Structures are given as structure tokens and as C-alpha cells.
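Novice: Encoded as C-alpha cells, here's the structure I'll be asking about.
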């Protein structure tokens, strides 16, 4: 299947979903004008991808958001719900919530999301300064 | 936006819709009902979970935003921050012309001081200065434009406009308060160990400026440009330490409230014509200064009375207290005469006056005979002393000075009384005591005094004079009391008696 690549803008994150490398990344800021429209292709790609995914294939999902609005939080919850269900079905999916060193707020957001999921592997990853 | 929200919750809406449709049928098989109910419950649980998480995330974000705003508020002026925060749409502050009063200040020779201070010390030093000054800017409602090192730029008249006169007056009053506060800061800095006392200088000008956002679309600066800005800055540079120079236009608005020096004519860089400037002195009257201070370093008195808050009774109490303290410092409380310290100081004054004016000066010690034999309480004995003091005071002349020397001894200074007249004069005092009956604890008693007298002679020290007069008193005492003995005070004639 084709990779999903959406360029980063001032209001929306960069999306790089690579089906061959099994690496899914959302990076940047997320407060698009129309959140559901922006994320619609993300969800349809994800549903197709999971349907075809082998159980023993390890998948890494990297989320690195410096700012997101409330609608994006809801989208993230829906997104994690799909991953959680897949994990429940036996897929090996790990979410990496990446936050900047000393960014306690971002760490707290990650902790809030992590609490909700049981099957899904949810890692809080501190980004080392380059 | 509503469509966005709708589609965000599309899955949840589908569940609600199917539940609603199901309820429309009256005849539903139990199995269908249960299946639908499970779906609804699952959806509800998920929604609850989402709502909980979203609330927490949203609260967190709001807190983050508030902290950010608070921090940001420190970097822009209070007025501008308020305007940005309260502005509903994305209206940028448009550039416009308006009359403003502009203020500049800096610390004279600060670069020199800064050059030999450590970085940490420098920032502590500078921040304590800017903190104090900024509080005054806020107090007077000025828009703090920027800090440039030790320099401060403030303007009045935007974003809040009141009247040109009001802006000018508030600005000058702010400058006067800053100058006053500098005195306190200098004391503080000196105590902290900074050697050079720093002084500020200030310049103020009024006129039309362009106010608005200047800069690029990425980084805007809300500031002002125009000739009054340059003028205020040049006036500041022209001012000497602790001086406030104001432009003639500013002066036009404030001269009925603030006293200025005679106008000066200045040649300022960037201005072709000569500029009239006024040096601000102080506020007229005491409208804004209700604090009255008495600072008497010699007497060690430091009284501060705030008339804005003090009541009449409190004021009277303070004055009375001051008077009492002053009185107690130099008087003997029993007799109302000068105490030993005060009378000896007075004696020294009289000695030097006698020396200077070649006038005679008689001095006597007057001791109450047998006071210690009266077997009564201290209070009764003090009453006897007081009554005898009253008799002595009636017997002496207006220009004689009497004081209490110790428990039972008075000292009398008699300017103008010479060698020939002292025995006779002192004897008159002795007789007046002897002749007057006094009431002691309900009993009429006659008391007597012994008097030792001398005359001041040139170049005699206070100590020698006292020795002479004490020797004379001792002599009178040895003769059985109720007696007057006079001797000369100069050492070579120490033992010669007049009587």
C-alpha cells in the first residue's frame, strides 16, 4: 500500500505513515481549521493498514506534538482507540509519546492518554537535545 | 466549525441515532434490545473516558496558557498587554498620530560602573533599580515603552487617553517621585557595598507622535516615533545628575502645579533651532505630600507625621510626648530646675561668656542641712527639696540660674555678681530659707542651708571652679551649717577666705 505523507503547515502537523517500514509519525502542531477533514485521510489509511497487518509485525507509532487543540485531543483519543482495539486483537503496536526535555506539560498530556489504554503499549519518551 | 464538531463525533452520533430509532418501535425483540443496549453502553463508556481525559488535557492547556500570558505580561507594558488581551478580533493596533508626553531617564556614568561589576552583581543591581522605577511608572499610569540597559522610556497618552495636561502633569510628577526614590536606592546600594553613588537624569517632551506597531510581520514592536521622542532623549542627555529637563510645551501644561527654574536655551543635537528647556524643581504646595518630617541630627530627633492619616488628638499627643521628652532630658522632675548635666553645661556657657565680656560670675553650692536626718520616706524628702528650691528661686534675681547638683545640693550661677558682692548675696539666700517655715508631713519645720561660694576667675577650668566651690561648702558645713563661706577659685589663692 502507498505511504501517507502530509506536509507540515503552520496549523497542522506533518504526517508520515510508512507501510513498508511500519513506522507511523505525527509531528508538529495540531490546530487545523477543520480537524475532522484534516484527519479523515489519516483514519482511512490507518483502518486499511490495520486490516492488512500481520499479527507478528511490530509497528512503531511516534507522536511528537508541541501544541494541539481540544478537537485534536479528541482525534488522538479516537486514533489510540483504533490502535488499542488492534492491540487487543493481537497486533504488536507501540505508541511512543515523544516530549522535549523539561517539557512537563507535554509529559503530563502523555500520561493522561497513557492511563486510558490497557492493551496498547504506550511509551513516554524524552527527547534528548540534539 | 459546527460541521467540524459534528464530524468529530460522527461515530457517537450513529450510536445515539440507532438507539433513538429503536425506541420508536413499541414491539422490540428482547435480543435486539439487549444488543443495542450493549452497543450504547460501550459507546457511553468510551465517551466518558474521552470526556474525562479531554477535561484534564484541556485544564492543563488552560493552565499552561495562563502561565504563558503571565510571563508574557512582564515583557510588554501593562496597558498594551490589557489592550491585546481584551481586543476581541484580530485587529492590529493601527499606527496613528496623537499628542503624547514622552519620558527618558538613565543613570549617569552607569557604563563605567557596569564595566567593573561582575555580571551577576550587575544584573541584581540593574534589576533593583528598574523594579523600583517600574513600580513608579505603573503608579502614575505611564506606558512603559522599553528598557535600554539602564535607560527607561515611558510615554503618557496612549493606549489610554485622558487629556494632554493630565498626561504632562502625571509624567512630571512621576519623574519627581523617581528622583526622590533614588535617594533611598543610593543609601541601599551604599550599604550593599557599591562605592559610586549613582544618579539619574531625566528628559520630558510633549508633542505629536506616531504610535503603533513597527517591525516585521514576525516581530512587531508597539512603540512611538516622532520629534518629541528625540527631544525627550536629547533633554535627558543635556540634564545633569538629579535633574529633570522638560520641553517648553510640557512646561506649558504643568507650570501651575510644578515649580521650575528660569528657562534655559539649549543647542541640542538633531535640532536646528535653539530649544527652550525648564528644570523641574518641586511640586507647588504639599498637595501630594502629606508627610511632615523633622530631622534634627544634633538632637537626634526624627519625627515623621503623616497628615493624611493622623487625627488631631494623635497629633497633640505626639507634640506633648516630644515636649515631655525634651523637658525630662534637661530638668530635675522634683524641683523643675535644670538637672546636673544641664546646669553644668550652662555653667560652661556662662564661664566663656564671662571670659569674653569680662563680666563677674558668682557660683555657689547650696546644701540643705541635716536633710538626711529627717526620718521620712523618699517622697517626703523630695517634697522638702522641692519647697526649699521654691524659696531659693524666690530669693534669687531673674538672671540667676539655679539647678539641682545632687540629692541635697543646688548650684547657683549668678552672672554679674563679683567678689565683693557674693558673700552678702549668698547670705541673703541663706536667711530666706532660715526664715521660712515649711510644712513637712503635717509638721511646720524650719530648715537651714549651708552655702559655699566662689567667683569665676579667668582661665579656670570647670573642674577647678567646682573644686573651689565644693571646698567652700565643706568649710561652711564644718562650721555647723546655716553658714556662708566664700573662697577664691584661682589655685594660688585657693585657701584665702573672704568672710
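No lab work stands behind these numbers, since they all come straight from the coordinates. Note that the structure is predicted; figures quoted are calculated from it, not measured. Cβ sites come from the backbone with ideal geometry, for glycine too, and all protein chains shown count toward neighbours.
Novice: Determine, at each q value in 0.15 (inverse angstroms), the log₁₀ of I(q)/I(0) that the Debye formula gives when each Cα of the range B:189-252 is one equal point scatterer.
Specialist: One equal scatterer on each Cα of the range B:189-252 leads to -0.64.
Novice: Which length gain, in nm to one decimal place, applies between residue B:214 and residue B:116 when the Cα-Cα distance is subtracted from 0.36 nm times their residue separation? Display every interim value, and only then the final one.
Specialist: On the way: separation 98, 0.36 × 98 = 35.28 nm, distance 3.57 nm.
Stretched fully, the residue B:214-residue B:116 segment lengthens by 31.7 nm.
Novice: Obtain the radius of gyration and the Kirkwood radius of the range A:33-130 from its C-alpha atoms and give Rg over Rh.
Specialist: On the Cα set of the range A:33-130, Rg over Rh gives 0.97.
Novice: Let me ask you something else. Would you mind checking the tilt of helix B:340-357 against the longest principal axis of the Cα atoms of chain B, expressed as 0 to 90 degrees and rounded to 10?
Specialist: Taking Cα atoms only, the helix is inclined about 70 degrees.
Novice: Continuing with this model, one more query. So what is the calculated 222 nm ellipticity per residue for chain B, using -39500 (n - 2.57) for each DSSP H run with n of 4 or more, over all residues, to the nearest 500 deg cm²/dmol?
Specialist: Details: 14 runs with 236 residues, N = 499.
After summing the helix terms and dividing by the residues of chain B, the value is -16000 deg cm²/dmol.
Novice: How far apart, in nm, are the 7 Å Cα→Cβ label points at residue B:374 and residue B:281?
Specialist: Going from the residue B:374 label point to the residue B:281 one covers 6.2 nm.
Novice: Rounded to the nearest 0.05, what FRET efficiency do residue B:148 and residue A:66 have when you use their Cβ-Cβ distance and R0 = 45 Å? Kindly include the intermediate steps, with their values, before the conclusion.
Specialist: On the way: r = 33 Å, r/R0 = 0.73.
With R0 = 45 Å, the Cβ-Cβ based efficiency is 0.85.
Novice: Any chance you could give the angle, 0 to 90 degrees and rounded to 10, that helix B:462-478 forms with the longest Cα principal axis of chain B?
Specialist: Relative to chain B, helix B:462-478 is tipped by roughly 50 degrees.
Novice: Let me ask something else about it. P(r) for chain B: what percent of alpha-carbon pairs falls in each 10 Å bin, starting at zero?
Specialist: Final binned percentages: 3, 13, 14, 11, 8, 9, 11, 11, 8, 4, 2, 2, 2, 1, 0.
Novice: Just for the protein assembly as shown, what percent of DSSP beta bridges are antiparallel, to the closest 5?
Specialist: In the protein assembly as shown, approximately 75 percent of DSSP beta bridges are antiparallel ones.
Novice: If you average 1/r over all unlike Cα pairs in the range B:403-499 and invert the result, what Kirkwood radius do you get in angstrom? Walk me through the intermediate numbers first.
Specialist: Values: mean 1/r = 0.0708 Å⁻¹.
Evaluated on the range B:403-499, it is 14.1 Å.
Novice: Over all distinct Cα pairs, what is the inverse of the mean 1/r for the range B:340-493, reported as the Kirkwood hydrodynamic radius in Å?
Specialist: Result for the range B:340-493 stands at 15.6 Å.
Novice: Can you give the average number of partner chain beta-carbon atoms within 10 Å of each beta-carbon in peptide A:74-87, as a whole number? Could the numbers behind the result be given before it?
Specialist: Values: counts 8, 1, 4, 7, 7, 0, 1, 4, 0, 0, 0, 0, 0, 0.
Mean partner-chain Cβ count within 10 Å for A:74-87: 2.
Novice: In degrees between 0 and 90, to the nearest 10, how far off the longest principal axis of chain B does helix B:378-395 point, with axes built from Cα atoms?
Specialist: 70 degrees
Novice: Could I ask something else about it? Hey, got the average number of other protein chain Cβ atoms within 10 angstrom for residues in B:48-56?
Specialist: Across the residues of B:48-56, the mean count of other-chain Cβ atoms within 10 Å is 5.
Novice: With just the Cα atoms defining each centre, how far is the range A:67-130 from the range B:1-60? Give it in Å.
Specialist: About 24 Å separates the Cα centre of the range A:67-130 from the one of the range B:1-60.
Novice: Okay, moving on. Once both labels are modelled 7 Å past Cα along the beta-carbon direction, what's the residue B:52-residue B:394 spacing in nm?
Specialist: 10.2 nm
Novice: So, one more: What FRET efficiency comes out for residue A:82 versus residue B:86 if R0 is 41 angstrom and r is the Cβ-Cβ distance? Round to the nearest 0.05.
Specialist: For R0 = 41 Å, the calculated efficiency reads 0.45.
Novice: For residue B:69 and residue B:237, FRET efficiency with R0 = 45 Å and r from the beta-carbon atoms, rounded to 0.05?
Specialist: 0.75
Novice: Would you mind computing, in nm to one decimal, how far apart the modelled labels at residue B:163 and residue B:357 are, each placed 7 Å from Cα along Cα→Cβ?
Specialist: According to this spin-label approximation, the distance is 6.2 nm.
Novice: So what is the 222 nm mean residue ellipticity for chain A from helices alone, if each DSSP H run of at least 4 adds -39500 (n - 2.57) and you divide by all residues, rounding to the nearest 500 deg cm²/dmol?
Specialist: -12500 deg cm²/dmol
Novice: Right, another one. Compute the orientation-averaged projected area for the range B:2-51 from the convex hull of its Cα atoms and round it to one decimal in nm².
Specialist: Taking a quarter of the hull surface, the average projection is 3.8 nm².
Novice: Can I ask one more? Just want to confirm a number: the relative contact order over the range A:4-127, from Cα pairs under 8 angstrom separated by 6+ residues, in percent.
Specialist: 22 percent
Novice: Can you give the extra length, in nm with one decimal, that the chain gains between residue B:420 and residue B:190 once fully stretched, where that is 0.36 nm per residue apart less the Cα-Cα distance? Show your work: numbers first, answer last.
Specialist: Details: separation 230, 0.36 × 230 = 82.80 nm, distance 6.21 nm.
Between residue B:420 and residue B:190, full extension yields 76.6 nm more.
Novice: How long, wide and thick is the protein assembly as shown, going by the Cα atoms along their three principal axes, in whole angstroms, largest first?
Specialist: Extents along the principal axes, in whole Å: 141, 76, 52.
Novice: Normalised by the empirical 2.2 N^0.38 Å for globular proteins, what value does the Cα Rg of the range B:347-404 take?
Specialist: Against the compact-globule rule of thumb, the ratio is 1.49.
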